[in-house]
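Input: a single structure, listed below in structure tokens.
The values are calculated or read from the model by the stated rules, or taken from the named source; none is laboratory data. What you see is a predicted model; the values in this text were computed from it and never measured. Here the Cβ is made from the backbone with ideal geometry for all residues, glycine too, and neighbour counts use every protein chain on show.
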Amino acid sequence: MSDPKPKAAGGSITIFSPLYLVLALLMGFTASAASWFTEHLTMAGMGLDFILSALLRFAAAYILLVLFDILFESVCPYLLSKPADPSKKARKPGLSAGKTFAVFFAVSLLAFIPAFLALFPGYTAYDTPMQMEQFFTQGILNATQPVPLTLLFAGCLRLGVLLFHSANAGLLLHTILQLLFTATCLSCVGCLFVRWGLKRRLAIILILLLEALPFVQIFALTTAKDGFFSPLFALWLALTADLFLEAGKQAPDMKRLVCYGLVSLTMILTRPQGKYLFIAAFLLWLLTFLARFRMGIIQAAREGLIRFSALAAGVLLISALITGTLYRAAGVYPASPGEMLSVPIQQMTRVVALRESELTANELAAYDAYFDRSKVATNYIPQISDLMKMSQVFNKAAFSENKKDFFLLWLKLFKKYPLEYADAFLYLTDGYFYQGLGYSHAWAGLADEFVPGPAEYATHAVSLFPAYRGFLLENVGKTFAVKVPVVRRLCTISLPFWVLAAVGSLVLKKKRQAAAGILMLLILYFGTLLLGPVCTVRYTIPLLYAIPVLIALLATEREAGKRHMRPDAE
């Protein structure tokens with residue numbers, strides 16, 4: 001009698017789960033709060049209808065979590081490659097690691113061809129025009145935007161003009177480099193999936209599903225910093241998970257640690273959040289090593305702790321030298337302190353805009369010490385903080401000299417006007433949670449922008465697939481509400497959050513340690529989005545890239561202790 005099919009690692013299926021009850025309750029009230037605010041633009045007036053809506057959403061979320069759990073338990077055994085059976089005739093060896101990488105690389109490039117033709121020779125949007133304006137007309141490098149990416153794009157444009165007398169040629173060069181970088185990162189991620197035990201064909205499907213998402217199609221060709229950071233973030237998470245899986249069991253290989261350090265350093269230089277994510281990962285490693293000490297695995301834990309500590313010190317020191325000493329020597333303008341103050345700036349300004357007559361003279365004087373109050377009427381836009389953070393409005397020097405009074409005023413106004421503070425926060429963040437299809441404001445979408453400055457550096461679109469370009473830019477980039485029933489659900493800003501919530505619930509339920517560590521890092525990254533200046537789709541793109549990593553790790557973590565490419569992986 002043949003053995004029954006193995007059950008997926010993670011435990012039996014349970015219809016009643018206290019954890020799912022708590023998580024579904026949080027999801028229900030989060031979704032209802034976002035929907036209420038988006039429809040009413042204030043948190044005031046919530047009553048019985050809100051409670052009923054939240055309870056209905058809670059019930060729906062709980063049912064979906066249980067169904068997701070059942071689906072996972074049913075499908076998981078078929079996702080994993082089977083170890084070779086020594087009793088059977090030896091099978092033909094599969095693809096080597098190098099050939100596996102080549103397969104992923106070719107598939108990734110092919111997946112982006114439609115977007116490449118549609119957005120040819122590339123797409124400039126968001127901060128890129130401002131970066132090029134500053135660089136070419138004023139010779140300014142600003143640390144608010146990643147300096148390496150500014151230099152890369154400016155160098156490509158200049159090379160295109162010098163060699164081909166065409167800024168479009170420079171833009172095309174940048175687009176090709178970005179596509180090659182994206183394909184390389186995703187190919188490495190796919191190889192790690194196979195290394196962990198996922199079947200090769202299913203790893204390819206997982207990568208393809210990511211690349212087929214409309215948002216990913218756009219930003220793989222867009223010059224915004226998210227185009228480079230997102231695949232790099234996915235690779236960093238996959239490498240972090242790979243190291244988590246063996247932390248404490250054996251000392252990590254130095255070559256892999258050096259590779260991880262280089263990826264971490266590049267991530268830090270590409271996005272400010274990179275440093276905090278790296279530090280958080282190091283703290284998780286410390287907890288892992290301490291746990292190994294308590295378990296008696298002393299030698300491996302000691303060696304791992306020494307090597308990871310040296311790695312962290314080296315990465316943070318080099319990044320500090322580059323972003324500090326080197327940037328100052330090169331005359332790079334430092335990032336404004338207001339970049340991290342979007343939420344408190346908007347909260348206090350909303351109170352001044354709506355309740356100025358109720359504030360005391362001392363409160364107004366304290367506000368005036370940091371802001372030009374005469375600009376509030378014209379510069380305060382609830383959905384974006386950029387205009388209030390401008391140097392003409394926000395006194396950065398005053399904040400640097402006296403941070404204490406700034407936050408004392410913030411706390412004082414919070415005690416008096418908590419509802420206005422909640423509204424100000426939701427104006428900046430509600431799109432990340434709102435499940436409807438009609439969410440849109442002027443700052444959330446894409447705009448057909450060209451590189452300004454000297455006329456010779458101005459680019460223009462030459463679409464080779466105009467129908468797909470129209471779909472991407474008009475439906476995905478602006479309205480987020482296409483007519484295709486399934487696709488429209490893939491074009492909402494809230495998609496990454498809710499998918500992450502579902503997968504994260506399963507991670508917590510199955511108690512996968514490495515996957516839980518990656519989940520904590522994703523929660524940290526998402527938390528930084530809630531402190532950002534605006535709710536926009538490009539901030540969520542890294543989360544889309546991260547979700548396949550979490551899914552693959554969740555499915556394969558128990559199998560991932562076998563540290564080799566499986567020759568029988570299909």
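Structure data summary
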| read-out | value |
| --- | --- |
| Positions within the stretch 112-141 being part of a helix (DSSP H, G or I), among the hydroxyl-bearing types (Ser, Thr, Tyr) and within 23 Å of the chain's Cα centre (by Cα), in sequence order | Thr128 |
| Given (1) of a type outside the set (Ser, Thr, Tyr); (2) in contact with a Pro (Cβ under 7 Å, 6 or more places away or on another chain); (3) at pLDDT 90 or above, number of the condition Gly94 does not satisfy | (3) |
| Residue in the stretch 370-379 that is closer than 23 Å to Leu529 by Cα and in contact with a helix residue (DSSP H, G or I) (Cβ under 9 Å, 6 or more places away or on another chain) present | yes |
| Top-ranked residue in the stretch 448-461 [being surrounded by 13 or more Cβ atoms within 10 Å (Cβ to Cβ) and modelled with pLDDT of 80 or more; ranked as nearest to Gln217 (Cα to Cα)] | Ala461 |
| In the stretch 312-337, the residues that are of a type outside the set (A, V, I, L, M) and part of a helix (DSSP H, G or I) | Gly314, Ser319, Thr323, Gly324, Thr325, Tyr327, Arg328, Pro337 |
| In the stretch 332-358, the residues that are over 22 Å from Leu426 (Cα atoms) and touching a Leu at 6+ places or on another chain (Cβ under 8 Å) | Val332, Tyr333 |
| Evaluation of Cys191 against (1) in contact with a Pro (Cβ under 9 Å, 6 or more places away or on another chain); (2) farther than 16 Å from Phe112 by Cβ (one fails), failing number | (1) |
| Tyr434 aromatic (Phe, Trp, Tyr), in a loop (DSSP other than H, G, I, E, B) and modelled with pLDDT of 80 or more | yes |
| Test: residue in the stretch 134-147 that is among the hydrophobic types (A, V, I, L, M, F, W, C) and within 18 Å of His460 (Cβ to Cβ) | yes |
| Residue match in the stretch 395-405 (condition: within 24 Å of the chain's Cα centre (by Cα), at pLDDT 90 or above and among the aliphatic types (A, V, I, L, M)) | no |
| Ile140 surrounded by fewer than 18 Cβ atoms within 10 Å (Cβ to Cβ) and either free of Cβ contacts under 8 Å to residues at least 12 places away in the same chain or not assigned by TED's automatic domain parsing to the domain that holds Glu456 (or both) | no |
| The stretch 212-241 residues that are closer than 25 Å to Thr144 by Cβ, paired with ones that are charged (D, E, K, R) (beta carbon under 6 Å, 6 or more apart) | Phe219/Asp226; Ala224/Arg538; Asp226/Arg538; Phe229/Arg271 |
| Filter pass, Thr144 being under 20 Å from the mean Cα position of the chain (by Cα), closer than 26 Å to Gly274 by Cβ and outside any helix (DSSP H, G or I) | yes |
| Subset tally (residues that are surrounded by 14 or more Cβ atoms within 10 Å (Cβ to Cβ) and either in a helix (DSSP H, G or I) or at pLDDT 90 or above (or both)) for the stretch 43-57 | 5 |
| Residues of the stretch 353-392 classified as among the acidic types (Asp, Glu), at pLDDT 90 or above and in a helix (DSSP H, G or I), total | 4 |
| Condition met for Ser374 (within 27 Å of Leu41 (Cα to Cα) and either in the same structural domain as Leu529 (by TED's automatic domain parsing) or exposed (fewer than 13 other Cβ atoms within 10 Å of the Cβ) (or both)) | yes |
| Which numbered condition Ala330 fails, given (1) surrounded by fewer than 20 Cβ atoms within 10 Å (Cβ to Cβ); (2) over 23 Å from Asn395 (Cα atoms); (3) within 27 Å of the chain's Cα centre (by Cα) | (3) |
| Any pair with Cβ under 8 angstrom, 6 or more apart, that starts in the stretch 387-404 at a residue that is within 11 Å of Gly338 (Cβ to Cβ) and ends at one that is of a type in the set (D, E, K, R) and at pLDDT below 90 | Lys389/Glu339 |
| In the stretch 333-357, residue farthest from Leu411 (Cα to Cα) [restricted to those that are under 25 Å from the mean Cα position of the chain (by Cα) and surrounded by fewer than 18 Cβ atoms within 10 Å (Cβ to Cβ)] | Pro334 |
| Filtered residues of the stretch 157-179 (kept if under 19 Å from Leu109 (Cβ atoms) and surrounded by fewer than 19 Cβ atoms within 10 Å (Cβ to Cβ)) | Ile176, Leu177 |
| Test: Leu198 is in the same structural domain as Thr540 (by TED's automatic domain parsing) and surrounded by fewer than 22 Cβ atoms within 10 Å (Cβ to Cβ) | no |
